[in-house]
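First the structure, which I've put down as structure tokens, then a few questions once you've had a look.
The values are calculated or read from the model by the stated rules, or taken from the named source; none is laboratory data. As the structure is a prediction and not an experimental result, all values here were calculated from the model. Every residue, glycine as well, gets a Cβ built from its backbone with ideal geometry; the counts of neighbours run over all protein chains shown. Note: accessible area is taken over every heavy atom of the protein model, side chains too, but ligands, DNA and RNA are not part of it. Shrake-Rupley method; radii C 1.70, N 1.55, O 1.52, S 1.80 Å.
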Amino acid sequence: RQRALLWVVLLAAWEAAWGQLRYSVPEEMPKGSFVGDVVKDLGLQLLELSDHGAGVVSEGRTQYFALHGRTGHLVTAERIDREQLCESVQQCVLRCELIVEGEMKFYEIQVEIEDINDNAPSFQEAEMDLRLSETTAPGARFPLAEAHDPDSGRNSLKSYELIGDEHFSLAVQAAPGGDQRPELVLAKALDREEAAFHELVLRASDGGDPALTGTARIHVTVLDANDNAPVFSQSEYAVRVPEDLPVGSTLVTVTATDADDGLNGQVKYSLKKKKTSSQIFHLNAETGEITLMRSLNFEEGDAYELELQAYDGGTLYDTAKVVVTVTDVNDNVPEISVRSALSEISEDAPTGTVVALLHVQDLDSGANGEVRCSLDGDVPFQLRISQSSYYSVVTARELDREQSSFELVLTAMDAGEPMRSGTVQVRVNVTDANDNPPIFSKRAYVAQLAENLLPGSVVLRVVATDADSGSNGQVSYSFSNVLDGVRTLFTVDSESGEVRMTGLLDFEEKNNYVFGLEATDGGGLTDHCEVQIDITDENDNAPEI
């Protein structure tokens, strides 16, 4: 027992480590009911989920689960009816994913929906009519309508009971699939002159505690002798049809013959009513023609088994089975959805950075449901398959801010014939990194000034450009490695790059000035140039004797 407990603990730890959780919850729980503590079981922090943004996504249109923001608990988002979701499935498991958007992570969660005994056994037909010949030999068996209980396990159908008279008893046969098939057994010979009618009650019980029951009334009419039963031409008819077969089409025509004459030799057909097949197929009671009443869908059902009965004007009948196999047609377009995406990325982001998380699916089967995902155009991104039906869009090489955004077109294509595809667009904005220094338009600027030029006059204007954007592309100007004497005579405007006079010049004192200027962008990158100013002489001195 200790080894088994250790194995369960190790299995839960292994599933959590690989991002997989499994819970169970009874059906019909109110909306908001607790399912599991995903934050605790995955070893996550509630604050971490709040900061990065997290949510629960279920397959299909209905979202059955949600993440409680304050507690980190997985709760029900809808009242769940197990019989509606998993009518023919023994183990009902719903799947969803916990998406952590900021970290580009997802965790698979499986929730088993446990059955409760909320359905009583019921018969498709509450009244059954049997017409038996008075010459029917004791021990003869007649199939009865089966009860249906959508519950599973111990809550499903368990037993039948016959309430009636001494002429009849009940036998229950075990079908290959485990179903119980009730049969009415003639225990005592009938005598029409003694009793022309018999009223019986068939009761079905489930295994719940307390047990729930359902009943059907059986009306037995005793007729005169009919010694030949109808006989089907085949005991089993097999039909293969595509799922896009038009409504009203004929699938097959069954035939049965009866050697008797008159009313006892006239054959009619009936279809044993089942909840699903009786709504899709129609049997012509006179001709035996089976036609399609409603469109088929391979994804909802790929095979149907119809139970037929051919009965004559008396009490004799024969049974046959029609197996309808539905083949898949490529009628579903692959669906591609963006589960998480970055709105912007820096141009210096490393190769392999994830910018989007995609989910693809195709409801078709086989080659029609095999989906390939591709990224259109020559862009610096590529696709990587993450797990099962998830893809990641990652950077394939260095980005260049000079192309400020990318419209990524992602296409999902199936392998069907004809091929179908679906697309989705993801916009990625590239933010600037300071990877371009300012550049002067010239390495050296030269100007000639008259020595009598007034202070405030513009000497020249230097220009430097920067290919970056925003603050990284804004350039300011300043002196670089100049003597104090230059600073008293000249100044440079930090924004416009204009060099102006601030003092008086004297050709006789100094006729040439050379100094450096520096251009700096918002990110600290610089460039340098040289300025040379030549002073020309003016006749500002009188001769001295």
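Only one residue in Asp400, Asp376 is surrounded by fewer than 14 Cβ atoms within 10 Å (Cβ to Cβ), over 24 Å from Val100 (Cβ atoms) and modelled with pLDDT of 85 or more, so which one is that? Show your work before the answer.
On the way: Asp400 fails: modelled with pLDDT of 85 or more.
Only one candidate passes the filter, namely Asp376.
Quick one: what pairs do we get from the stretch 266-285, first residue open to solvent by 50 Å² or more (accessible area, probe 1.4 Å), second among the basic types (Lys, Arg), C-beta under 9 Å, 6+ apart or different chains?
Here the result reads Gln279/Arg294, each pair linking the stretch 266-285 to a residue that is among the basic types (Lys, Arg).
How many residues are within 30 Å of Ala126 (Cβ to Cβ) and either surrounded by fewer than 12 Cβ atoms within 10 Å (Cβ to Cβ) or among the polar types (S, T, N, Q) (or both) if we restrict to the stretch 236-265?
Qualifying residue count, the stretch 236-265: 4.
Follow-up. Just name the residue that is modelled with the lowest pLDDT out of those in the stretch 108-132 that are open to solvent by less than 30 Å² (accessible area, probe 1.4 Å) and under 34 Å from the mean Cα position of the chain (by Cα).
Restricting to residues being open to solvent by less than 30 Å² (accessible area, probe 1.4 Å) and under 34 Å from the mean Cα position of the chain (by Cα), the top hit is Ile113.
Can you name every residue in the stretch 397-440 that is among the polar types (S, T, N, Q) and within 17 Å of Asn472 (Cβ to Cβ)?
At the first step, the residues of the stretch 397-440 found to be among the polar types (S, T, N, Q) are 403-405, 411, 421, 423, 425, 429, 431, 434, 436.
Passing the criteria: Gln403, Ser404, Asn429, Thr431, Asn434, Asn436.
Can you name the condition, by its number, that Thr215 falls short on among (1) modelled with pLDDT of 90 or more; (2) not assigned by the TED database to the domain that holds Ser159?
With respect to (1) modelled with pLDDT of 90 or more; (2) not assigned by the TED database to the domain that holds Ser159, Thr215 is out only on (2).
Another question about this same structure. If Thr488 meets every condition in (1) assigned to a helix (DSSP H, G or I); (2) without any contact (Cβ under 8 Å) to a residue 12 or more places away in the chain apart from one, which number is that one?
(2)
Those residues that are touching a helix residue (DSSP H, G or I) at 6+ places or on another chain (Cβ under 9 Å) and either hydroxyl-bearing (Ser, Thr, Tyr) or open to solvent by less than 40 Å² (accessible area, probe 1.4 Å) (or both), I need them from the stretch 457-483; list them, please. Before you say what the answer is, go through the steps one by one.
Of the stretch 457-483, the ones touching a helix residue (DSSP H, G or I) at 6+ places or on another chain (Cβ under 9 Å) are 465-467, 479.
Those that are touching a helix residue (DSSP H, G or I) at 6+ places or on another chain (Cβ under 9 Å) and either hydroxyl-bearing (Ser, Thr, Tyr) or open to solvent by less than 40 Å² (accessible area, probe 1.4 Å) (or both): Thr465, Asp466, Phe479.
Which pairs turn up if I take residues in the stretch 85-97 that are modelled with pLDDT of 85 or more and look for partners that are open to solvent by 30 Å² or more (accessible area, probe 1.4 Å) and part of a loop (DSSP other than H, G, I, E, B) with beta carbon separation below 9 Å, at least 6 apart in sequence or on another chain?
The qualifying pairs are Cys92/Asp115; Leu94/Glu59; Leu94/Tyr64; Arg95/Glu59; Cys96/Glu59; Cys96/Gln63; Cys96/Tyr64; Glu97/Glu59.
Out of Ala349, Ala356, report the one residue that is assigned to a loop (DSSP other than H, G, I, E, B), open to solvent by less than 20 Å² (accessible area, probe 1.4 Å) and farther than 30 Å from Leu296 by Cβ. Even if it seems obvious, please write down each step before you answer.
On the way: Ala356 fails: assigned to a loop (DSSP other than H, G, I, E, B).
It is Ala349.
Tell me which of these Gly497 doesn't satisfy, since it passes every other one: (1) open to solvent by 30 Å² or more (accessible area, probe 1.4 Å); (2) on the phi > 0 side of the Ramachandran plot.
(1)
Under the condition of being open to solvent by less than 80 Å² (accessible area, probe 1.4 Å) and part of a strand (DSSP E or B), which residue from the stretch 429-445 is farthest from Cys529 (Cα to Cα)?
Asn429
Look at Asp151 and say whether it is charged (D, E, K, R), more than 24 Å from Val185 (Cα to Cα), modelled with pLDDT under 90 and part of a loop (DSSP other than H, G, I, E, B). Don't jump to the end; show me each part of the working.
Values: charged (D, E, K, R): yes; more than 24 Å from Val185 (Cα to Cα): yes; modelled with pLDDT under 90: yes; part of a loop (DSSP other than H, G, I, E, B): yes.
Yes: the conditions hold for Asp151.
Of these, Val252, Val239, Val324, Val333, which one is assigned to a loop (DSSP other than H, G, I, E, B) and either of a type outside the set (Lys, Arg) or closer than 30 Å to Leu375 by Cβ (or both)? Please lay out each step first, then the result.
Values: Val252 fails: assigned to a loop (DSSP other than H, G, I, E, B); Val239 fails: assigned to a loop (DSSP other than H, G, I, E, B); Val324 fails: assigned to a loop (DSSP other than H, G, I, E, B).
Result of the check over Val252, Val239, Val324, Val333: Val333.
Related question: If I go through the stretch 309-351 residue by residue, how many of them are more than 30 Å from Gly60 (Cβ to Cβ), touching a strand residue (DSSP E or B) at 6+ places or on another chain (Cβ under 6 Å) and charged (D, E, K, R)?
Selection size over the stretch 309-351: 4.
Scan the stretch 31-88 for residues that are assigned to a loop (DSSP other than H, G, I, E, B) and closer than 30 Å to His148 by Cα and report the count.
Residues of the stretch 31-88 that are assigned to a loop (DSSP other than H, G, I, E, B), as a first pass: 31-33, 42-45, 53, 59-64, 68-72, 77-81, 86-88.
Among the residues that remain, those that are also closer than 30 Å to His148 by Cα are: 31, 33, 59-64, 77-81, 86-88.
Result for the stretch 31-88: 16.
Would you confirm whether or not the stretch 120-135 contains a residue that is touching a residue at least 60 places away in the same chain (Cβ under 8 Å) and on the phi > 0 side of the Ramachandran plot?
Within the stretch 120-135, the first condition is being touching a residue at least 60 places away in the same chain (Cβ under 8 Å), and the residues that meet it are 120-135.
Retained after the next criterion (residues that are on the phi > 0 side of the Ramachandran plot): none.
Checking the stretch 120-135: not a single residue is touching a residue at least 60 places away in the same chain (Cβ under 8 Å) and on the phi > 0 side of the Ramachandran plot.
Look through Val426, Val486 and report the one residue that is in the same structural domain as Gly366 (by the TED database), open to solvent by less than 30 Å² (accessible area, probe 1.4 Å) and on the phi < 0 side of the Ramachandran plot. Working first, answer last.
Details: Val486 fails: in the same structural domain as Gly366 (by the TED database).
When all the criteria are applied, what remains is Val426.
Taking the stretch 100-134 as the region of interest, how many residues are outside any loop (DSSP other than H, G, I, E, B) and over 30 Å from Tyr311 (Cα atoms)?
Of the residues in that region, 11 qualify.
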